[in-house]
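To start, the structure under review is shown below, and the notes come after it.
Derivation of every value follows stated rules applied to the coordinates shown; laboratory data play no part. The model shown is predicted, which means the values in this text are computed figures rather than measured ones. Neighbour counts run over all protein chains shown; Cβ positions are idealised from the backbone, glycine included.
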Amino acid sequence: MEKKILEYLQPSDEVNDGGEAERLEEEFSREGRSFYEVFSLRGIRVNRVDPGFISCSFKVPLRLTDTDRNLANGATANLVDEVGGALVQIEGLPPCVCVDMSIAFLSKLGEELEVTSRLLGERGRYKGTLVVVRNQRTGEVIAEGRHSLFGRQASKL
């Protein structure tokens, strides 16, 4: 499971700014990734994976900031969604569907972030995670997201 999580959260470091989004989308689709995932997650590093817990680090890149050079709200939501979803992903099954996220956030360009996801609990096919984004240097909480997911269960056969 750890290997699959590492592969899922570590998109290619390859940068291509030549306007070839369609070609890249096709290339990444063959690998099971989308251009969007690679664009938004490039640079994330998985530090630790334990049952019910993931810890990652991420430096805020310019491409994911708003006009005030804060980490864009959508980029923060994406980190909560991707890292929280990776925690509950079951190998061989489609990804769980996010049914609710609640996020509070603020981060600046170039900050080194620590992103952790912890399983809060599960009941049947419904799972809850808590994703916390901290400034790696100061420990200040930058974002906190509660992530509720619904998905298929592994077959007992």
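For the reader, a short list of remarks on this structure follows.
- Long-range HN-HN contacts of L113 with modeled amide H, under 5 Å: F58, K59, V60, Q136
- With the simple spin-label model, which puts each label point 7 Å out from Cα in the Cβ direction, the C98 to R48 separation comes to 2.5 nm.
- Across the stretch 124-137, coupling constants 3J(HN,Hα) worked out from phi with the 6.51/-1.76/1.60 Karplus curve, θ = phi - 60°, read x, 8, 9, 10, x, 10, 10, 10, 10, 10, 10, 5, 5, 6 Hz, and Gly and Pro carry x.
- Between the amide H of T65 and those of A72, distances stay under 5 Å, these residues lying 5 or more places away or on another chain, with hydrogens modeled in the peptide plane.
- Karplus-derived 3J(HN,Hα) values for the stretch 47-53, using 6.51 cos²θ - 1.76 cosθ + 1.60 with θ = phi - 60°, are 9, 7, 10, 10, x, x, 7 Hz; glycine and proline are entered as x.
- Between E140 and R63, the simple label model (points 7 Å from Cα in the Cβ direction) yields a spacing of 2.7 nm.
- Each peptide in 65-74, 126-135 gets a packing score, the mean of other Cβ atoms within 10 Å over its residues, and the list from highest to lowest is 126-135, 65-74.
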